1. Here's a check for you: in region 13-52, which residue that is over 18 Å from the mean Cα position of the chain (by Cα) and in a strand (DSSP E or B) is nearest to residue 151 (Cα to Cα)?
2. Here are the criteria: (1) in contact with a helix residue (DSSP H, G or I) (Cβ under 9 Å, 6 or more places away or on another chain); (2) buried (at least 17 other Cβ atoms within 10 Å of the Cβ); (3) touching a residue at least 12 places away in the same chain (Cβ under 8 Å); (4) not in a strand (DSSP E or B). Tell me which single one residue 275 does not satisfy.
3. Report the residue count in region 245-274 for those that are farther than 19 Å from residue 166 by Cβ and under 23 Å from the mean Cα position of the chain (by Cα).
4. Within region 53-73, how many residues are at pLDDT below 95 and assigned to a helix (DSSP H, G or I)?
5. Please specify each residue of region 194-242 satisfying the condition of being more than 26 Å from residue 271 (Cβ to Cβ) and either in a loop (DSSP other than H, G, I, E, B) or at pLDDT 95 or above (or both).
6. Please go through (1) farther than 14 Å from residue 140 by Cβ; (2) touching a strand residue (DSSP E or B) at 6+ places or on another chain (Cβ under 7 Å) for residue 67 and return the number of the only condition it doesn't satisfy.
7. Looking at 177, 170 in this structure, which one is surrounded by 21 or more Cβ atoms within 10 Å (Cβ to Cβ), under 19 Å from residue 246 (Cα atoms) and modelled with pLDDT under 95?
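The values are calculated or read from the model by the stated rules, or taken from the named source; none is laboratory data. Only a predicted model underlies this, so the values are computations on that prediction, with no experimental measurement involved. Every residue, glycine as well, gets a Cβ built from its backbone with ideal geometry; the counts of neighbours run over all protein chains shown.
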């Protein structure tokens, strides 16, 4: 029996577009988006414990252990399995910014479910893990889904999507955006006309496409002018937009050298990096479909 897994990747995602098409009676927003995995990752280490404790082995500033999605994911998996004796020590090595719209916390939670389902031999299928993940957050099922996707509903209704084999420049504008502020804003439009997956242009050529928009970008930019500045600057090089509810801004490039050239000119007040598009989650093999 395997008792540890180390350096388990929790990749970031980009929203190639994000439309708010309505709102449910329970307050949740109806969305449509294209989720893109990229190779910028947090990493997590897992060691099975025999004392039934689930504990985070390192401190993360601003994230108390009891409210950490990683710890909550592990406890929810154990509860669903009905096996109180299961335990684990978890180290979370963060490089993805919090409040950046890259799905870092959700990805960490998904990696926790994938890794501990394997280590604890709980035997849940991918679909079941996605059901568990949805209780933790709307983005968690996508990372368990295991590949790029066209998303609908509150983000949980997923269809496989082939996307461009390209590079992205991502800028961190230096602000953390609370999702609740954006979705509760009276300025947010919630009536973008729904599209079908067949309306989305050949996603493998998405590098050159300007399909759709991010409906959250205008609201986030008004609250955080730094986002608008980053979009304006990066737009000099291509079709730049915000991902998720912010704050990170990205632009696609066909070649790595183009991304490198853009980063040479990046203003020093921002953090910027390049990432390669991925077609599959690196831990997709750990779970049966």
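1. Just the residues of region 13-52 that are over 18 Å from the mean Cα position of the chain (by Cα), to begin with: 21-28, 45-52.
With in a strand (DSSP E or B) added as a condition, the list becomes 21-23, 45-49.
Working: 21: 12, 22: 14, 23: 16, 45: 29, 46: 30, 47: 33, 48: 34, 49: 36 Å.
So the residue we want is 21.
2. Condition (4) is where residue 275 drops out.
3. Residues meeting the conditions: 5.
4. 3
5. First pass over region 194-242, keeping only residues more than 26 Å from residue 271 (Cβ to Cβ): 194-205, 208-209, 211-212.
Correct list: 194, 195, 196, 197, 198, 199, 200, 201, 202, 209, 211, 212.
6. Single failed check for residue 67: (2).
7. Values: 170 fails: modelled with pLDDT under 95.
Only one candidate qualifies: 177.
Residue-wise test of (1) surrounded by fewer than 19 Cβ atoms within 10 Å (Cβ to Cβ); (2) in contact with a helix residue (DSSP H, G or I) (Cβ under 7 Å, 6 or more places away or on another chain).
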position	(1), (2)
49	yes, no
53	yes, no
57	yes, no
64	yes, no
75	yes, no
100	no, no
113	no, yes
130	no, yes
